[in-house]
Every structure is written in C-alpha cells, then in structure tokens.
1. Considering F51, F73, which residue is in a strand (DSSP E or B) and either in contact (Cβ under 8 Å) with a residue 12 or more places away in the chain or surrounded by fewer than 16 Cβ atoms within 10 Å (Cβ to Cβ) (or both)?
2. Out of all the residues in segment 114-129, is one or more in contact (Cβ under 8 Å) with a residue 40 or more places away in the chain and more than 26 Å from K25 (Cα to Cα)?
3. Here is a check on your reading of the model: is E101 of a type in the set (D, E), surrounded by 20 or more Cβ atoms within 10 Å (Cβ to Cβ) and on the phi < 0 side of the Ramachandran plot?
4. In segment 153-188, which residues are outside any loop (DSSP other than H, G, I, E, B) and farther than 22 Å from V45 by Cα?
5. Mind listing whichever residues of segment 31-64 are touching a Cys at 6+ places or on another chain (Cβ under 9 Å) and of a type outside the set (F, W, Y)?
6. Taking segment 112-132 on its own, how many of its residues are more than 16 Å from W86 (Cβ to Cβ) and in contact with a strand residue (DSSP E or B) (Cβ under 9 Å, 6 or more places away or on another chain)?
7. For segment 103-132, how many residues are part of a loop (DSSP other than H, G, I, E, B), more than 12 Å from the chain's Cα centre (by Cα) and under 23 Å from R12 (Cβ atoms)?
8. Suppose we filter R7, R14 for residues that are under 25 Å from E164 (Cβ atoms), buried (at least 17 other Cβ atoms within 10 Å of the Cβ), of a type in the set (D, E, K, R) and touching an Asp or Glu at 6+ places or on another chain (Cβ under 8 Å); which single one remains?
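Values in this text are rule-based calculations from the coordinates and carry no lab data. Computed from a predicted model, the values in this text were never measured in an experiment. All Cβ positions, glycine included, derive from the backbone under ideal geometry; neighbour counts span all protein chains shown.
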Amino acid sequence: MEKASLRRQLLRARQALTVGEWREKSDRICQHIQQFDLYRHARTVLAYRSFRQEPDLEPLFSDECLGEHIWGFPRCVDKSLVWHRWSQGALMQTGAYGILEPHPDWPEVDSETVDLILVPAVVCDARGYRLGYGGGFYDRMLSLPIWQSKPTVGIVFEFAYLPELPVESWDRKLTGVCTEAGLLMING
C-alpha cells in the first residue's frame with residue numbers, strides 16, 4: 001500500500017475512535033511510558049500536544065509528573081522544528097498547521113540535554129519506521145548528527161502499529177514504539 005492511502009486509512013480509523021476509547025487508550029500509553037526506565041531516568045523529554053486525535057500524552061504533563069522532567073515542545077519554523085521549554089500553566093498558541101505550539105519567546109531546549117524524544121506518528125512499524133503527516137519535519141530533524149543518538153519512541157494506537165511500512169531513503173528509524181498494548185524497543 002502506498003503511503004498516502006495508508007495515511008488516509010489510519011487517520012480515518014483514529015478519527016472513528018469514541019472520546020472514551022481515545023482517552024482509555026491514551027491513558028494506557030501514558031502508563032507504559034511512565035513505567036519505562038529510560039523515561040523515569042530522563043531529565044529532558046521532548047514531546048507533542050495531541051492533534052487530530054493523536055494519542056494524548058497530557059497525563060505526563062500533570063503537576064505530579066512535571067517536577068521530574070523538563071518538557072520541550074516543537075514549533076514549526078520554515079521546514080524545521082524548534083524546541084522550546086514549557087512551564088506548567090504556560091499557554092500554547094495555535095501554529096501555522098493548526099497544532100498547539102510554544103510561544104517563540106520561550107527559552108529553547110538545548111539539544112545536548114535531551115534524554116528522550118516522544119514522537120507523534122500516524123503509523124509505526126515493527127522495524128521502527130514511522131509515517132507522519134507528510135511534512136518530513138521529524139525525518140529532517142532526526143537526520144541531523146545532534147539528534148541521531150537520542151532515543152526516540154513513536155507513539156501510536158495499536159491498530160496503527162504494523163509489521164512493515166513502505167520506506168524511502170530519507171525515512172529515519174525510531175528506537176522504540178509505544179501503543180496501549182505496551183512499549184517495544186527496536187533492535188538494530
């Protein structure tokens with residue numbers, strides 16, 4: 001199946017979830033992440049705010065969890081992602097793509113300090129490849145030398161975790177995938 005039709009099919013499936021199903025599956029994903037040693041020992045974590053019924057990581061940003069981590073969120077600038085530090089209570093703004101983003105005046109995250117990246121996806125495969133919305137923002141970022149050694153975990157619902165995706169030369173592998181069924185680190 002080609003990427004565009006696969007993306008459309010899985011976005012429709014995600015939109016078909018009831019609010020209750022979406023919340024339950026999202027909460028289970030958060031529970032798996034919270035039990036993940038790499039997450040528990042991470043100081044700086046890059047994440048995202050749910051868009052178009054992506055798995056919601058909001059429970060990770062609650063008061064109870066906030067003190068344990070420094071959170072960074074992306075802002076789209078031209079064809080790149082710029083990561084900004086978020087503080088509890090700070091309001092995001094809607095960016096060019098309709099996605100909640102940090103305010104440009106917020107401090108940027110020092111890439112050297114990042115311990116873990118939670119990556120949004122439409123679909124991930126068992127080899128660690130992901131399919132996003134087609135803009136290439138994460139593939140461009142993860143191809144840069146500073147990001148290549150950082151642990152990356154794709155976040156998708158179980159129905160969007162497939163054995164194999166079509167892959168292009170620019171696609172970057174993730175080091176793990178988390179669904180409501182569990183978190184799997186990818187070998188090799």
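1. Numbers: F51 fails: in a strand (DSSP E or B).
Among F51, F73, only F73 is in a strand (DSSP E or B) and either in contact (Cβ under 8 Å) with a residue 12 or more places away in the chain or surrounded by fewer than 16 Cβ atoms within 10 Å (Cβ to Cβ) (or both).
2. Yes.
3. Yes.
4. Step one: filter segment 153-188 for residues outside any loop (DSSP other than H, G, I, E, B), giving 153-155, 158-162, 176-179, 182-185.
E158, F159, A160, Y161, L162 - these are the residues of segment 153-188 that are outside any loop (DSSP other than H, G, I, E, B) and farther than 22 Å from V45 by Cα.
5. Of everything in segment 31-64, those that are touching a Cys at 6+ places or on another chain (Cβ under 9 Å) and of a type outside the set (F, W, Y) turn out to be H32, I33, Q34, P55, D56, L57, E58, P59, L60.
6. 12
7. Result for segment 103-132: 2.
8. Within the list R7, R14, the selection yields R14.
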